[in-house]
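*Asks:* One structure, as structure tokens, below. Some questions next.
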Amino acid sequence: MINSATAIAHPNIAFIKFWGNRDSELRIPANSSLSMNLAGLVTRTRVTFDPVLTSDQLTINREPASTEGMARVKMVLDLVREMAGLSCFAQIASENNFPTGAGIASSASAFAALSLAASAAAGLQLSQQQLSRLARRGSGSACRSIPAGFVEWQAGFDDESSYAYSIASPEHWDLVDCIAVVSETHKPTTSSEGHKLADTSVLQAARLADTPARLERCRRAILERDFDSLAGVIELDCNLMHAVMMTSSPVLLYWQPVTLAVIHAIHNWRKSGIPVCYTIDAGPNVHVLSLAGFADQVSQLLSRIPGVADILIAKPGGPAYLE
Ligand code: DP6
């Protein structure tokens, strides 16, 4: 019997970052993190278990996937097969609606959509917590793309205790992420490689020691819709992660000159009264957070900065869902 399911998931942007693993195989992170799903940007994944297949087959944006990508997907499929008592192979077709190569991390939405589609196609009815744990095995940040809106990932200490849950719905706060896409030529170090270097920085221990306090500040800023407080804590958290990256061995330096130009501009705009702040993942793009009423103004200002190649705009997004 052929069994198919299609799932949709959004990427997310971390306000309190996950950097470093306590267990890299199970992807148990060194610290808890907090993020916002990005509405409008989606990965759509169809999984079909078919007894006729002689191996798993994966296409990403209609192209055959790399060996590395295939291995990670197979790992999640094997977990699903084990849970469902299934032995047949699967065909997986995954597509992003956001430009590939624009540097928007797609592993979070990809593994969230894969986990939901594969488990449904296998006839499993997993709880949100189980799905979040499954997605985590493919890519840590993917566990945060399963629940809706503003999401906290409790680090936990083992497979069962490490999962994400929603702390506020997408409608709770009309934040907007204007993503300033910075064109980049050379190949960046992937997050998976980067996590392994976190402990080579003497700053990682200090970053981790202070994370519970930043998490609490960030959670409260969201629940109380306090933009100034959010701005302070997410810029601090971002700079701490990049300080760890810049002092790792080998050095990880993701910022480009345009990245820094955008940071300086944001500080000036904030001084002039615009509610705006930044955060940056493992790449040169700047996620510029503001309130919905200021999104047009902020994206116009960003478009005038030389080197900003594109601007994507996203509101808080919903959970992963079956189509
Ligand atoms: C900087 O979840 O991409 O975006 O588990 O190896 O796939 P893997 O790592 P990933 O790491 C995300 C790192 C980050 C910060 C964050 O999203 O919390």
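*Asks:* Spot the failing condition for Ala142; the list is (1) more than 14 Å from the chain's Cα centre (by Cα); (2) under 14 Å from Asn37 (Cβ atoms); (3) within 13 Å of the ligand (Cβ to nearest atom), and only one is missed.
*Replies:* (1)
*Asks:* Looking at Phe150, Phe111, which is the one that is of a type outside the set (Gly, Ala, Ser), within 16 Å of the ligand (Cβ to nearest atom) and within 19 Å of Ser66 (Cβ to Cβ)? So that I can check it myself, show each step before the final result.
*Replies:* On the way: Phe150 fails: within 19 Å of Ser66 (Cβ to Cβ).
Testing whether each residue is of a type outside the set (Gly, Ala, Ser), within 16 Å of the ligand (Cβ to nearest atom) and within 19 Å of Ser66 (Cβ to Cβ) leaves just Phe111.
*Asks:* Right, here's the next one. Residue check: is Leu230 assigned to a helix (DSSP H, G or I), of a type in the set (A, V, I, L, M, F, W, C) and in contact (Cβ under 8 Å) with a residue 60 or more places away in the chain? Explain how you work it out, then say what you get.
*Replies:* Details: assigned to a helix (DSSP H, G or I): yes; of a type in the set (A, V, I, L, M, F, W, C): yes; in contact (Cβ under 8 Å) with a residue 60 or more places away in the chain: yes.
It is true that Leu230 is assigned to a helix (DSSP H, G or I), of a type in the set (A, V, I, L, M, F, W, C) and in contact (Cβ under 8 Å) with a residue 60 or more places away in the chain.
*Asks:* Restricting to the stretch 214-238, count the residues that are open to solvent by less than 60 Å² (accessible area, probe 1.4 Å) and more than 22 Å from Ser169 (Cβ to Cβ).
*Replies:* Matching residues across the stretch 214-238 total 5.
*Asks:* Only residues that are among the β-branched types (Val, Ile, Thr) and either touching a Cys at 6+ places or on another chain (Cβ under 9 Å) or away from the ligand (no atom under 15 Å from the Cβ) (or both): list them for the stretch 256-278, please. Before the answer, list the steps.
*Replies:* Here is the first cut: in the stretch 256-278, the ones among the β-branched types (Val, Ile, Thr) are 258-259, 262-263, 266, 274, 276.
Those that are among the β-branched types (Val, Ile, Thr) and either touching a Cys at 6+ places or on another chain (Cβ under 9 Å) or away from the ligand (no atom under 15 Å from the Cβ) (or both): Val258, Val262, Ile263, Ile266, Ile274, Val276.
*Asks:* Of all residues being among the basic types (Lys, Arg) and surrounded by fewer than 19 Cβ atoms within 10 Å (Cβ to Cβ) in the stretch 1-45, which is nearest to the ligand (Cβ to nearest atom)? Just the residue, please.
*Replies:* From the stretch 1-45, those among the basic types (Lys, Arg) are 17, 22, 27, 44; that's our starting set.
Narrowing further to those that are surrounded by fewer than 19 Cβ atoms within 10 Å (Cβ to Cβ): 22, 44.
Values: Arg22: 12, Arg44: 20 Å.
Checked the stretch 1-45; the qualifying residue nearest to the ligand (Cβ to nearest atom) is Arg22.
*Asks:* Please find, among Gln154, Gln204, the residue that is open to solvent by 40 Å² or more (accessible area, probe 1.4 Å) and more than 30 Å from Ile305 (Cα to Cα).
*Replies:* Answer to the selection: Gln154.
*Asks:* So which pairs qualify, if the first residue must be in the stretch 259-277 and without any contact (Cβ under 8 Å) to a residue 60 or more places away in the chain, the second must be open to solvent by 30 Å² or more (accessible area, probe 1.4 Å) and of a type in the set (D, E, K, R), the Cβ gap must be under 8 Å, and the two must be at least 6 apart or on different chains?
*Replies:* Pro275/Asp228; Val276/Arg270; Cys277/Arg270
*Asks:* When residues of the stretch 46-89 are filtered for being part of a loop (DSSP other than H, G, I, E, B) and open to solvent by 40 Å² or more (accessible area, probe 1.4 Å), how many remain?
*Replies:* The initial filter retains those residues of the stretch 46-89 that are part of a loop (DSSP other than H, G, I, E, B), namely 50-56, 61-62, 65-66, 85-89.
From what's left, open to solvent by 40 Å² or more (accessible area, probe 1.4 Å): 51-52, 54-55, 61-62, 66, 85-87, 89.
So the answer is 11.
*Asks:* Of Leu253, Leu236, Leu240, Leu215, which residue is within 28 Å of Pro275 (Cα to Cα), aliphatic (A, V, I, L, M), within 16 Å of the ligand (Cβ to nearest atom) and not in a helix (DSSP H, G or I)?
*Replies:* Values: Leu236 fails: not in a helix (DSSP H, G or I); Leu240 fails: not in a helix (DSSP H, G or I); Leu215 fails: not in a helix (DSSP H, G or I).
The match here is Leu253.
*Asks:* Identify, by number, the condition in (1) open to solvent by 10 Å² or more (accessible area, probe 1.4 Å); (2) touching a strand residue (DSSP E or B) at 6+ places or on another chain (Cβ under 7 Å) that Leu302 doesn't meet.
*Replies:* (1)
*Asks:* Continuing with this model, one more query. Inside the stretch 62-88, can you point out the residues that are touching a residue at least 24 places away in the same chain (Cβ under 8 Å) and closer than 15 Å to Ala112 by Cα?
*Replies:* Arg72, Val73, Met75, Val76, Leu77, Leu79, Val80
The values are calculated or read from the model by the stated rules, or taken from the named source; none is laboratory data. Here the structure is a predicted model, which is why all the values come from computation and not from measurement. We place every Cβ from the backbone using ideal geometry, glycine too, and count neighbours over all the protein chains shown. Quick note on the areas: whole protein, heavy atoms, side chains included, nothing else; ligands and nucleic acids left out. Shrake-Rupley method; radii C 1.70, N 1.55, O 1.52, S 1.80 Å.
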